[in-house]
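Notes for the one structure printed next.
The values are calculated or read from the model by the stated rules, or taken from the named source; none is laboratory data. All of these numbers come straight from a predicted model, not from anything done at the bench. A quick note on method: Cβ atoms are made from the backbone with ideal geometry, for glycine too, and the neighbour counts reach across all protein chains shown. For the accessible areas, the whole protein counts, side chains as well, though only heavy atoms, and no ligand, DNA or RNA atoms are used. Shrake-Rupley method; radii C 1.70, N 1.55, O 1.52, S 1.80 Å.
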Amino acid sequence: MATRVIVLNGGSSSGKSGIARCLQAVLPEPWLSLSVDTLVDALPARLRASEAGIAFAEDGGVAVGATFDALEAAWRRGVAAMAHAGARIVVDDVFLGGPTSQGRWREALAGLDVLWVGVHCSAEVAAGRELARGDRAPGMAAGQAEAVHRGVTYDVRVDTTEAEALDCARAIAAHVN
């Protein structure tokens, strides 16, 4: 079976988006890149910084409410429908719930060949990238660096602490059927 979906899981500022762009460049077939950040950006303003939606604390913590959960579930099913319809998709996500988050994706992507990729980065390097980005709450990257990987199983792991996104993408591409 041909790989239809590549799921990149890593903390904020770990390099997932750069890897996704590089995967689009190195893989021979066209791949769509879809990010949880795009989902968050698509939310109505009233669901950002709300108990029902998603809220980002000053210390970098993230809390999600029931409305966000429902919309995220619909998004996952939509991503799966696109893959079932023939699109190849790279998903850039942050498994705040660790294995529970992965389980939700596994359910949505049932019947598809999925490559699960752990994108690791040291908390110190991710925090430096976070500071340089300027669009994240300080502490988010360090708080997520290891937490998002606890209990999650992967087919491939890459570490962007010192490796470039292109090198990581090539290592991942070697595992795509």
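Here A85 passes the criteria (1) without any contact (Cβ under 8 Å) to a residue 24 or more places away in the chain; (2) under 20 Å from T38 (Cα atoms) except the one numbered (2).
When you scan the range 89-175 for helices (runs of 4 or more DSSP H) that lie fully inside it, which ones turn up with 3 or more residues that are open to solvent by 10 Å² or more (accessible area, probe 1.4 Å) and of a type in the set (G, A, S)? Before you say what the answer is, go through the steps one by one.
Details: elements: 99-108, 123-133, 140-144, 165-173.
In the range 89-175, 99-108, 123-133, 165-173 are the helices (runs of 4 or more DSSP H) which contain 3 or more residues that are open to solvent by 10 Å² or more (accessible area, probe 1.4 Å) and of a type in the set (G, A, S).
When the range 69-88 is filtered for residues that are in a helix (DSSP H, G or I), open to solvent by 30 Å² or more (accessible area, probe 1.4 Å) and among the hydrophobic types (A, V, I, L, M, F, W, C), the ones remaining, listed by number, are A70, L71, A74, W75, A81, M82. When the range 1-49 is filtered for residues that are surrounded by fewer than 16 Cβ atoms within 10 Å (Cβ to Cβ) and in a strand (DSSP E or B), the ones remaining, listed by number, are L32, R48.
Scanning the range 26-44 for residues that are small (G, A, S) and free of Cβ contacts under 8 Å to residues at least 24 places away in the same chain yields one hit, A42.
Applying the set (1) modelled with pLDDT of 95 or more; (2) touching a helix residue (DSSP H, G or I) at 6+ places or on another chain (Cβ under 9 Å); (3) assigned to a loop (DSSP other than H, G, I, E, B) to G60 leaves exactly one unmet item: (1). Considering (1) open to solvent by 30 Å² or more (accessible area, probe 1.4 Å); (2) closer than 26 Å to V125 by Cβ; (3) in contact with a strand residue (DSSP E or B) (Cβ under 6 Å, 6 or more places away or on another chain), the lone condition that I54 does not fulfil carries the number (1).
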